[in-house]
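One structure is given here, and the rest of the page talks about it.
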Amino acid sequence: MLTRAPRAWPKWVALVALVLAMIATVNTRAADAQGAGSWVDYGQGRVRLVSATAAAAGDRLLLGLHYVIAPGWEIYWRSPGEAGYPTTVDWTGSDNLRAGDLQWPLPRRFRLLGVETYGYKDEVVLPIHALVERQDQGVKVRGEARFLTCNEVCVPHTVNLALDLPAGHATLSPYATLLNRFQSRVPQSDTHLGLTLERAEIVVTPKGEWLRVAMRSDEPLRAPDVLVEGPREFVFSTPATRLTGDGRGAVVDVPVAASVLASTNVSLVGKPLTLTLVDGDRAREVATVPVPGAIDAAVDGSLLAMVLIALLGGLILNVMPCVLPVLAVKVLAVVDHAGNSRRATRIGFLASAGGIVATFLLLAAVLAGVRAAGVAIGWGFQFQQPLFIAAMALVITFFAATLLGWFEIRLPAALAGAVGRPTTDHRLGTSFLTGMFATILATPCSAPFVGTAVGFALSRGPWEIVAMFAAMGLGMAAPYIAVALVPRIVEWFPRPGRWMLVVRQVMAVALVATVVWLVSVLAVQVSTLAAVVLAVLLSATLLLLAWRHRAAAPRRRWLTLAAMSLAVVTIVAPAIHKAETALTIPDARWVAFDPGSIAGHVAEGRIVFVDVTADWCVTCKVNKELVLNRGAVAEILADARVVAMRADWTRPDERIARYLEGFRRFGIPFNAVYGRQAPGGIALPELLREDVVVAAIRQAGGAALAARQ
Amino acid sequence: MRQAFLGLAGLIAIIAAFVLVRPDVLERLGEQPVLEGQVQHFAATRTLRATPDLAWRDIDGNDVRIVDFAGKVLLVNFWATWCAPCVRELPSMNRLQAKLAAEGLQVVAINVDTGGRYAAEPYVQRLALDRLSLYLDPRSAVSRAMGVSVMPTSFLIDRRGREIGRLEGGAEWDSDEAVALIRYYLRRAA
C-alpha cells in the first residue's frame, strides 16, 4: 500500500489540475460570451456584434459591428465613393434596445478598376450607441446587417447577428478596448482636435471644377487630406495636397466631376458639403457651402487668347446700347477736329485713346484693390455708388458748359506731359478727358466677350487684371487709334464754320439729357429727394458758370470759387441722404430675387427665369424692350408654370454679386433659365434674342411652353 | 498475336464505322472551347443544366423569361450600380451584342439594384448602352434562383434555355478570346 501511495498522489493532483483547468477554460469561454455575439463567417471575412460592457447596466450601451476582413477585400464607408454601398442594420427582433445610427471611423481611400472608393480593410468596428429601455432587464440584440464586400468582384451579404447581455453590473467586457479604439477614430465635429477649415471654394480650370479646401492645424501637419461628401450628382477624386509655408496649413485641391446622376453641367457652388479634414489619425467633420473662388491658372497660351478676347470685348463696347449716354461726347471728339492739321488730329485722337486706356487701368486698380479686400464686386460697380453718379453728373454739366463756351477744361501740365509732348493746345486736355468719360460712362453694362474677359481677370491676380483691362482699353480705343493712324478721315468734314457751333449746341443739349438720366438713376438708387437736390445744385452750378462767363474779370475769380464750392456740395449732397426703401419691382409679373427658392420651384416642375438688371444698365433696358416685354418671351413669362424673378443691382448687393459669380459672370445684363432639365441654370448671352431665350426654355424642360409659341 | 491483330483491326473498323455515321464527333473532339485570357475562369457545366423559369421585368413592367429568347444563345449578365467591375464590363457587352447579334447571340443584362429603374437608368444612359435593353430584378429573385453569389456573374445559355456555363467576375466581353468562346457555342448549338 505504502508503495502505491506515492503513485496515487500525483494521480489525484493531476485530476484536480485537470478539473481546475476545465473550470478555467469554461470561465474564459463565459467571459468571451459576455459582450460578444458569435462570429458569422461570410466567406470573405467574418462579422459579429460586440459590447463594451459585459452586462446591460444603466441606460446606455456602446455596441459595435466587428468585422475581420479577409486580405484584399473591402467594406464601405457611409459615403462609398463611386461604387459600393455602406453597411445598414435592421434591428427588428431586438428586445429592450433602441439602437442609434452606425458610427463611421475614418475610412481609407482605395482605388479599384479606376474607381475611387472609401472603406475599410482588414479589421474595423462600426460603433453603435444604444439606449436600454428597461434598465433592470437584460438586452437582446438582433441585427440583420446588409453590406457589400468587393475585391475584383463584389459579393453582397445579408447576415443575422445576435448578442445577449444580461442585466448586471457595468463591468468592462474584453472588447471595450477594441471598441474604444475604433470609436476614437470616428471624426468629430468639435474643434478640440485643432483642425480648422479656413475656406472651401470652387476653382474653375480649363479641365473642370476643383474644390479647393484650405485647412489649418495647431500643430505641424503630417499627412493632410480631405474627404468630401456632397450631392450625388458629383464625384470627388483623389486630391492634390500642398502644405503652406509654416507647415501648419494645407491647401487641398479635390477634382470634381459630374457623376452618372448629373443630367446637365451643374456647379458645386452653393451646394452643401460635409468635409472631413484629416491629418493622420486626427479627423474633424465640418459642414460647409463652397463659394466661388479663383479661376485657376490656365495654360500659358490661353492668357494670350484671353487678351484677344479682351481686345474684342473692348471693341464691342463701342457699339453696345450702353454707349448711348456718351454718344454726344464721342461725336464731339470727331467733330472737334474738323479743320485741324493732320498732326493735331493725330495727337488729339491719341489723347482720347490714352484717356480710355488710362480709365481702364484706373478701373483695374480699383477692382484689384477691392477684390484683394475680399469684397464681391462686379463690372460697372461704379454706377452703384451715389457719389459716383453725382460726380459724373457734375462733370458732364461742366462738359456741357465747355461746349457752350462758358468754361475750359485744362489738363494738368504733368498729365499733359505724360500723354504727349507739352502743348498749349487746351483741346489735348479735353480729348484726354473725353476718352476718360466716354469710358467710365459707357462701361456699366457687360457685353459679349467683356463678361468672359472680366471674369477671367477678376479671378486671377492683380497683374492679370491690369493686362486684361489694358487690352480691353486698347480694344475700346481702337477706333480712335484708327483715326490717329489715318487722320485723313477727319478731312471729310466740311471746313469749320457756323455748323460747328450748331453741332456743339446740339451736343450740349444731348449732354444735359445724359445728366437727366444720371439724376433719374440716383432717384431710384437713393431717393427722389436726393435727385431733386442734385438737379437743383447742378442747375445752380450751370447758371453760376454762365454768369461767370459774362461777368467782368474781377468778379470771375470769386464766381469760379463759388462754382467750385457748389460743385463739392453737389457731389456730397446725395450721399448724405441715405436710401430708406427697398427697391421695389413695379412689374407685377416679376417676383423678387430669391436664389434659395429656385431649387424648390424647379422640383415642382416650374421654369424659373432670372433677370438681373439695374437702372443704370442701358443694355438691360434694351433687352427688356426688344425681348422680355414683347412677343413670345412675354407670353411664356406670363404663364403660371413660369416663375419670373428679377434682381435689381442698381445698388451694391453682395448676394447678387455672389450669384453672378456662380455663373462666372461679373456684370449685367444677366439672364438665366432653370428647369427640370437644367437645375443648375442655363446662362443666356448678354444681348438677348427671342429665339435664344425660347430655345433655352425648351432646353431647360419647358418644351411644352416653348412649343405653344 | 494473330488474335491481338484481329482485335485491333476490329476496333479500328468499329471506330471507322462510328465516324462514318456520326462525323461531328471527331470535329468536337478536335474543337474544345479555349478558356484563356478574359474568359479563363469560365466554368462550363458538365451537363447542360436547366434554368429556372422565373420572370424579371423590362422597363415597362412586363415579365421577361429566358424562354422568351428561345432559339438564341444568351449571355445573361447580372449587374448593379454599386458594383464597379459590373459597371466596367457593361460597355464591352454592348459592343459584343453589336458584333454577334447577327450570328444569333442576345446579351441580356439584368440589373439587381433595389432602386430598380431609377437607379439603373442613368448608368445605361451614361454608358451609352444602345444595344442592350434595361432589365430589372430588384429583389434578386432570378439571380438568387440561378445561384448568383458574386457580382458580376454572367451565364451562357444555349438555344434551348439550358445553362452552358458561367463566369464569376468581370471580363472584356468583346475581346478575341471571349468572342471565340461564344462563337464556339453559337456554331455548336446551331
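The values are calculated or read from the model by the stated rules, or taken from the named source; none is laboratory data. Since we're looking at a predicted model, the values are computed, not measured. In this analysis, Cβ positions are derived from the backbone assuming ideal geometry, glycine residues included, and neighbour counts consider all displayed protein chains.
Couple of notes before you dig in:
- For the range B:142-182, the set of residues classified as of a type in the set (G, A, S) and more than 14 Å from chain A (Cβ to nearest Cβ) consists of B:A145, B:G161, B:G165, B:S175, B:A178, B:A180, listed by residue number.
- Sole exception among (1) assigned to a helix (DSSP H, G or I); (2) surrounded by 14 or more Cβ atoms within 10 Å (Cβ to Cβ) for B:V67, by number: (2)
- Scanning the range B:64-93 for residues that are farther than 25 Å from A:V155 by Cβ and in contact with a Leu (Cβ under 8 Å, 6 or more places away or on another chain) yields B:R65, B:K72, B:V73.
- When restricted to residues that are at pLDDT 80 or above and charged (D, E, K, R), the range A:259-313 contains 5.
- For the range A:225-232, the criterion of being in contact with a Lys or Arg (Cβ under 9 Å, 6 or more places away or on another chain), assigned by TED's automatic domain parsing to the domain that holds A:R282, crowded, with 16+ Cβ neighbours inside 10 Å and assigned to a loop (DSSP other than H, G, I, E, B) is met by at least one residue.
- If you filter the range A:650-671 down to residues that are outside any helix (DSSP H, G or I) and more than 18 Å from A:V608 (Cβ to Cβ), you find that the one that is modelled with the lowest pLDDT is A:R664.
- Scan of the range B:102-119 for residues that are facing another protein chain (nearest Cβ under 10 Å) and either within 14 Å of the chain's Cα centre (by Cα) or buried (at least 17 other Cβ atoms within 10 Å of the Cβ) (or both), ordered by number: B:V112, B:D113, B:A119
- For the range A:82-108, a residue qualifies if it is more than 31 Å from the chain's Cα centre (by Cα) and within 14 Å of another protein chain (Cβ to nearest Cβ), and the qualifying residues are A:G84, A:Y85, A:P86, A:T87, A:T88, A:D90.
- When the strands (runs of 3 or more DSSP E) confined to the range A:1-101 are screened for residues that are at pLDDT 60 or above and hydroxyl-bearing (S, T, Y), those reaching at least 2 such residues are found at A:74-81.
- Members of the range A:135-150 found to be facing chain B (nearest Cβ under 9 Å) and farther than 17 Å from B:N111 by Cα, listed by number: A:C150
- Within the range A:58-80, the only residue that satisfies the criterion of being touching a helix residue (DSSP H, G or I) at 6+ places or on another chain (Cβ under 9 Å) and either within 14 Å of another protein chain (Cβ to nearest Cβ) or surrounded by fewer than 20 Cβ atoms within 10 Å (Cβ to Cβ) (or both) is A:L62.
- Within the range B:78-90, residues that are within 7 Å of chain A (Cβ to nearest Cβ) have Cβ atoms under 8 Å from residues that are surrounded by fewer than 23 Cβ atoms within 10 Å (Cβ to Cβ) and small (G, A, S) in these pairs: B:P85/B:G169; B:R88/A:G114, counting only partners at least 6 apart in sequence or on another chain.
- Within the range A:607-649, considering residues that are closer than 20 Å to A:I440 by Cα, in a loop (DSSP other than H, G, I, E, B) and at pLDDT 85 or above, the one nearest to the chain's Cα centre (by Cα): A:W649
- Test result for A:A162, more than 43 Å from the chain's Cα centre (by Cα), outside any strand (DSSP E or B) and either more than 10 Å from chain B (Cβ to nearest Cβ) or β-branched (V, I, T) (or both): no
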